[in-house]
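The structure appears right after this line, and notes come after that.
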Amino acid sequence: MCGTENTTLAPRRPAVPNGTPSPDPVINLDQGDPTMYEAYWRGMGDRCSLVISGSEVMSYLGGSPGGACWFLEPKLEKSIRRIHGLVRNAAADAEDGHHVVVGTGSSQLLQAALYALCPPDQPEPTSVVCAAPYYSCYKEIAELLQSKLYKWEGDAHNFNKDGPFIEIVTSPNNPDGLIRKPVVNSPNGRLIYDLAYYWPHYTPITHQADYDIMLFTISKCTGHAGSRIGWAIVKDKEVAAKMTKFMEVTTIGVSRESQLRAAKLLGIICDDCQAFSTNTKSQNFFDYSKRLLTERWDKLHEVVKRSETFSLSKFPKDYCLFSDRFYETRPD
């Protein structure tokens with residue numbers, strides 16, 4: 001996880017080319033790149049390969065007729081609904097009225113959700129809050145366009161204004177990895193749940209989330225940050241349509257090639273999870289990644305034990321519906 005509410009951190013920049021260690025002795029915690037999963041995907045070989053000819057996916061259009069998101073690739077929609085059904089981390093059945101909206105990462109979807117939830121005729125901008133510590137980009141996203149629709153109001157713990165507001169609930173939280181619930185106790189609010197890390201390699205899946213707006217991103221699910229694919233599961237079709245309109249105006253949809261790659265990767269994870277349930281000698285992505293994160297946290301614990309300056313949070317152990325066993329949260 002990366003980012004805090006501290007706006008004095010160094011700006012984001014890509015990792016040093018070719019893996020060359022930086023001469024700077026300061027560890028920059030404001031950036032993160034999920035390349036730790038690269039070895040797993042390299043081991044998958046040609047199973048993940050996707051060939052797209054020059055004549056394919058040329059049209060703007062990609063969605064299913066009648067769907068809320070006209071540029072959502074049907075293969076990606078199927079894979080998204082399938083993986084949530086297997087993992088049981090979020091309700092995503094079309095029959096139950098859950099609409100899928102695809103975006104260029106979850107950051108674009110957050111902007112789209114803010115646009116969709118804020119009435120254009122209100123006398124004052126809608127307040128946007130999140131409980132500290134929060135992901136630093138929330139503030140940047142809310143303030144970047146200086147919109148008259150919404151206004152960043154900071155820490156939800158300190159918010160006491162009357163009138164409409166939007167609270168972003170990040171669970172597990174970035175940057176501290178804790179499971180979070182809404183903080184503001186008022187009937188005037190709308191909630192956006194950022195569930196980017198609510199996957200079994202980071203935390204036990206204790207319940208099937210079923211909120212009005214839930215945001216996910218493939219960068220945290222599979223590690224493919226460069227594909228820039230995120231998705232929202234939205235209950236209200238009108239809200240989903242407004243989110244789609246935001247992306248239609250800003251980017252005229254989302255790369256169809258990236259969507260097809262994401263569909264392929266999610267489908268492979270689903271196939272391997274189902275195979276793992278009947279053959280314990282096989283390996284699925286979530287099991288591999290959870291072991292990797294556990295090893296990294298064990299090494300960190302050993303280092304911190306020798307330090308008199310630092311300490312680590314104590315994460316709870318809970319029962320996971322997906323893994324069918326108890327284990328601790330292991331944030332990225």
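Before moving on, here are some points about what is shown:
- The amide H of residue 135, built 1.01 Å from its N in the peptide plane, has 174 as neighbours under 5 Å, considering only residues 5 or more places off or on other chains.
- Partner aspartates and glutamates for residue 299 [C-alpha distance under 15 Å; skip if fewer than 8 residues away on the same chain]: 332
- Note on residue 69: accessible area is roughly 0 Å² with a 1.4 Å probe, heavy atoms of protein only.
- Taking all Cα pairs closer than 8 Å and separated by 6 or more residues, the relative contact order of the chain comes to 23 percent.
- All other residues whose Cβ lies under 9 angstrom from that of residue 329 are scored, Lys and Arg at +1 and Asp and Glu at -1, for a net of 0.
- When each of 75/139; 161/314; 139/314; 264/314; 78/148 is checked by Cα-Cα distance, pairs over 32 Å: 75/139; 161/314; 264/314; 78/148
- When peptides 90-96, 60-66 are sorted by average Cβ neighbour count within 10 Å, with the highest value leading, the order is 90-96, 60-66.
- Under Karplus coefficients 6.51, -1.76 and 1.60, residue-wise ³J(HN,Hα) of region 325-332 in Hz, glycine/proline x: 7, 8, 6, 8, 5, 10, x, 6
- 3J(HN,Hα) along region 129-144, derived from phi through the Karplus expression 6.51 cos²θ - 1.76 cosθ + 1.60 where θ = phi - 60°, amounts to 9, 7, 5, 6, x, 10, 4, 4, 5, 4, 5, 4, 5, 6, 9, 4 Hz, with x in place of Gly and Pro.
- With all protein chains modelled, accessible area of residue 73 [1.4 Å, Å²]: 10 Å²
- Dividing the summed -39500 (n - 2.57) terms of all DSSP H runs of n ≥ 4 by the residue count of the chain sets its mean residue ellipticity at 222 nm at -10000 deg cm²/dmol.
- Net charge contributed by nearby residues that have their C-beta within less than 15 Å of residue 172 (K/R +1, D/E -1): +2
- Mean shadow area of region 42-274, taken as a quarter of the surface of its Cα convex hull (nm²): 13.4 nm²
- These residues, 58, 243, go from largest to smallest accessible area, 1.4 Å probe, as 58, 243.
The values are calculated or read from the model by the stated rules, or taken from the named source; none is laboratory data. What you see is a predicted model, and the numbers here were worked out from it, not measured in a lab. Using ideal geometry, Cβ is built from the backbone for each residue, glycine included, and neighbour counts are taken over all protein chains shown. Note: areas computed on protein heavy atoms with side chains; ligands, DNA, RNA excluded. Shrake-Rupley method; radii C 1.70, N 1.55, O 1.52, S 1.80 Å.
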